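Beneath this line is the structure, given in structure tokens, with notes to follow.
The values are calculated or read from the model by the stated rules, or taken from the named source; none is laboratory data. Treat the numbers as computed from the prediction; the structure is a model and nothing was measured. Glycine gets a Cβ as well: all are built from the backbone with ideal geometry, and neighbour counts include every protein chain shown.
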Amino acid sequence: MSAAKQSDDRSGRSLTPMHEDVSAWYGDVVARAELADRGPAKGTMVIRPYGYAIWELLQRQLDDRFKATGHQNAYFPLFIPESYLRREAEHVEGFAPELAVVTHGGGKELDEPLVVRPTSETVIGEMFAKWISSYRDLPILINAWNNVVRWELRPRMFLRTTEFLWQEGHTAHADEADAMAETRRMFDVYDEFARNVAAIPMVRGEKTPGERFAGALRTFTIEGMMRDGKALQSGTSHYLGTNFARAFDITFQDEHNALQHAHTTSWGMSTRMIGAVILAHGDDRGLVLPPRLAPHQVVVVPIGRGDALAGTTAEAERLARRLRERGVRVHVDTRDQSPGFKFNDWELKGVPLRVELGPRDLEAGVVMLAQRVGDDDEDGRARKHRLTPDELVDGVGARLDAYHDLLVARAEAFRADRSATVDDRTTFDAQVAVGFAHALHCGEPACEEAIQERTRATPRCVPTEGPDETGVCIECGRPSAYGRRVVFARAY
RNA sequence: CGGGGUGUGGCGCAGCUUGGUAGCGCACCUGCUUUGGGAGCAGGGGGUCGUCGGUUCGAAUCCGGCCACCCCGACCA
């Protein structure tokens, strides 16, 4: 980034405007909202308390969904013998370029190098083989919360770092139908989670062969649209067939004494989802957090000086206690800063609701309420509404829910505005420059590459829902594949 | 790996052309005054100028090597 394109005042108070330079804006927000810092080694990231609090909320709500669908958590090792990766041909090929390999330990060269897991299909396959011998052992439904390492050439905070946190689900089933049902079930869980927790409407679909997970037969993905019109893959669910079962001897005896290979699945969502939240909802004032992921859903700012401040602070604490009783995450900002500073700071940090409580309010028995987005005045500032403490406390749950719905509706409207069905190349090229293009495609990898070469757009997915349609490929004119339109976009 | 940049207090930068031993803004500390949209004044702390070597009486500045990081492409959750 050239110095000239950066904000005039990156050290000061203003963020780089999003329309000016999304990349600089993103970096500013991550730093100034105290989500994360760069680690000392290239591509590494320190997740700061505010950012980690978001991750914990995400983690908990996603984990609840895994438990509700019958999964159990377990932990598998960080180090994997290098030879394991080689056992599944496509899998090695896919991951070889981004592996970190440990060659020395305890001051000695290792007999066999150890790979730092880029994902755990192989170790888990090995363990499944040990644990499974009968159809009665199936299905086995496991999830692991861990860190993985993929050597990245071009890191970007949260979106693509060398080490990242995620969960990886791994299951084994007696037959294809059961494994496919699992693949789709978790795909639905991710989609539902993205919408109902992260407030991001997703395009649901299946990856084209070229974009599939290395070693998978089918890969399902949820793709969100970011504020710059680019797509972000936010969760994937794979049907692995018997590929890993054959590579790791995951076999069982069925009801008829016949030896069979298990059908496996895997599915993951990562800290990248935090990047999705930043890029899907943020604006020129900074972060915009969906209430279910906001570490503070409400911030109360007491105003005044001297005795008056002591009075408003005491009242703010009382109010906070009442809100907490309703299960709301509240923070009272008692820092020695001006009110104006705090308003801007919490807007930057994306807090959904702000309550101001000054001497005049205390006198009148009211509080002032402002919300982060969706209710601005002509000057682009949040409108302030006068409420009694009772009204605030009684209405806060509904207000947060409405705010969540507002974020979803806003993101849907934005996506609709930036999506189009296109049938000619000129329109296609213009469309992928600003958003999603729904187009017919022949399915040939070479043709996908030609499109990417020219427009930097890739097929994101073949939507799972939507009308059947056939015709000719937008690029080469040959008959279309998939029986559906394909969503093309530039992607993170 | 290709292309483009940058390395100077915590952050952002100036100084380098024309060598003379480091400065500005923000942040930080202290005090007083302030507090309804990023407070003011005064005082103060903090930097072997990425690194190694060379030139020179003297190097942030000139020369050479090395290293690191950032941005744009190819790979990826």
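Would you check if A:Arg154 is charged (D, E, K, R), part of a loop (DSSP other than H, G, I, E, B) and out of contact with any Asp or Glu (no Cβ under 7 Å at 6 or more places or on another chain)? When the stated conditions are applied, A:Arg154 passes them. Applying the criterion of being among the aliphatic types (A, V, I, L, M) and within 18 Å of A:Val396 (Cα to Cα) to the residues of the stretch A:317-354, the residue that is farthest from RNA strand B (Cβ to nearest atom) is A:Val328. Going through (1) crowded, with 17+ Cβ neighbours inside 10 Å; (2) farther than 30 Å from A:Val366 by Cβ one by one, A:Thr421 falls short only on (1).
Scanning the stretch A:462-491 for residues that are surrounded by fewer than 19 Cβ atoms within 10 Å (Cβ to Cβ) and within 16 Å of RNA strand B (Cβ to nearest atom) yields a single hit, A:Ala491.
Just checking, which of A:Asp284, A:Asp249, A:Asp307, A:Asp254 is in contact with a Pro (Cβ under 8 Å, 6 or more places away or on another chain) and not basic (Lys, Arg)? Checking each option against the conditions leaves just A:Asp284.
Just one of A:Leu400, A:Leu392, A:Leu407 is in a helix (DSSP H, G or I) and within 16 Å of RNA strand B (Cβ to nearest atom); which is it?
Matching residue, one of A:Leu400, A:Leu392, A:Leu407: A:Leu392.
Within this structure, A:Glu112 fails the test of being modelled with pLDDT under 95, surrounded by 15 or more Cβ atoms within 10 Å (Cβ to Cβ) and not assigned by TED's automatic domain parsing to the domain that holds A:Arg156. Considering (1) outside any helix (DSSP H, G or I); (2) surrounded by fewer than 22 Cβ atoms within 10 Å (Cβ to Cβ), the lone condition that A:Ala198 does not fulfil carries the number (2). Just a yes or no: is a residue in the stretch A:356-368 more than 9 Å from RNA strand B (Cβ to nearest atom) and surrounded by 14 or more Cβ atoms within 10 Å (Cβ to Cβ)? No, the stretch A:356-368 contains no residue that is more than 9 Å from RNA strand B (Cβ to nearest atom) and surrounded by 14 or more Cβ atoms within 10 Å (Cβ to Cβ). Cβ separations smaller than 6 Å between residues 6+ apart or across chains give the following pairs from the stretch A:163-189 residues that are of a type in the set (Gly, Ala, Ser) to residues that are within 14 Å of RNA strand B (Cβ to nearest atom) and not in a helix (DSSP H, G or I): A:Gly169/A:Trp267.
Scan the stretch A:119-139 for residues that are over 26 Å from the mean Cα position of the chain (by Cα) and not in a helix (DSSP H, G or I) and report the count. Of the residues in the stretch A:119-139, 5 are over 26 Å from the mean Cα position of the chain (by Cα) and not in a helix (DSSP H, G or I).
Those residues that are surrounded by fewer than 18 Cβ atoms within 10 Å (Cβ to Cβ) and either in a loop (DSSP other than H, G, I, E, B) or touching a Cys at 6+ places or on another chain (Cβ under 6 Å) (or both), I need them from the stretch A:296-328; list them, please. Steps first, please.
Let us first name the residues in the stretch A:296-328 that are surrounded by fewer than 18 Cβ atoms within 10 Å (Cβ to Cβ), namely A:305-311, A:314, A:317-318, A:321-322, A:324-327.
Result: A:Arg305, A:Gly306, A:Arg326, A:Gly327.
Between a residue in the stretch A:358-379 that is in a helix (DSSP H, G or I) and any residue that is aliphatic (A, V, I, L, M) and within 9 Å of RNA strand B (Cβ to nearest atom), which pairs come within a Cβ distance under 6 Å, given they are 6 or more apart or on different chains? Listed by first residue and then by second, the contacts come to A:Pro359/A:Ala308; A:Asp361/A:Val367. Please indicate, with yes or no, whether at least one residue in the stretch A:243-251 is outside the structural domain of A:Gln452 (by TED's automatic domain parsing), within 11 Å of RNA strand B (Cβ to nearest atom) and not polar (S, T, N, Q). Taking every residue of the stretch A:243-251 in turn, none turns out to be outside the structural domain of A:Gln452 (by TED's automatic domain parsing), within 11 Å of RNA strand B (Cβ to nearest atom) and not polar (S, T, N, Q).
I'd like the full set of residues that are within 13 Å of A:Asp284 (Cα to Cα) and at pLDDT below 80, limited to the stretch A:7-19.
So in the stretch A:7-19, the residues within 13 Å of A:Asp284 (Cα to Cα) come out as A:7, A:13-19.
Correct list: A:Ser7, A:Arg13, A:Ser14.
Regarding the stretch A:221-236, can at least one residue be identified that is surrounded by fewer than 24 Cβ atoms within 10 Å (Cβ to Cβ), among the basic types (Lys, Arg), on the phi < 0 side of the Ramachandran plot and assigned to a loop (DSSP other than H, G, I, E, B)? Yes, because at least one residue in the stretch A:221-236 is surrounded by fewer than 24 Cβ atoms within 10 Å (Cβ to Cβ), among the basic types (Lys, Arg), on the phi < 0 side of the Ramachandran plot and assigned to a loop (DSSP other than H, G, I, E, B).
Those residues that are touching a strand residue (DSSP E or B) at 6+ places or on another chain (Cβ under 9 Å) and either among the aliphatic types (A, V, I, L, M) or under 23 Å from A:Arg292 (Cα atoms) (or both), I need them from the stretch A:392-426; list them, please. Scanning the stretch A:392-426 gives A:Leu392, A:Gly395, A:Val396, A:Arg399, A:Leu400, A:Tyr403, A:Leu406, A:Ala411, A:Phe414, A:Arg415, A:Ala420, A:Val422.
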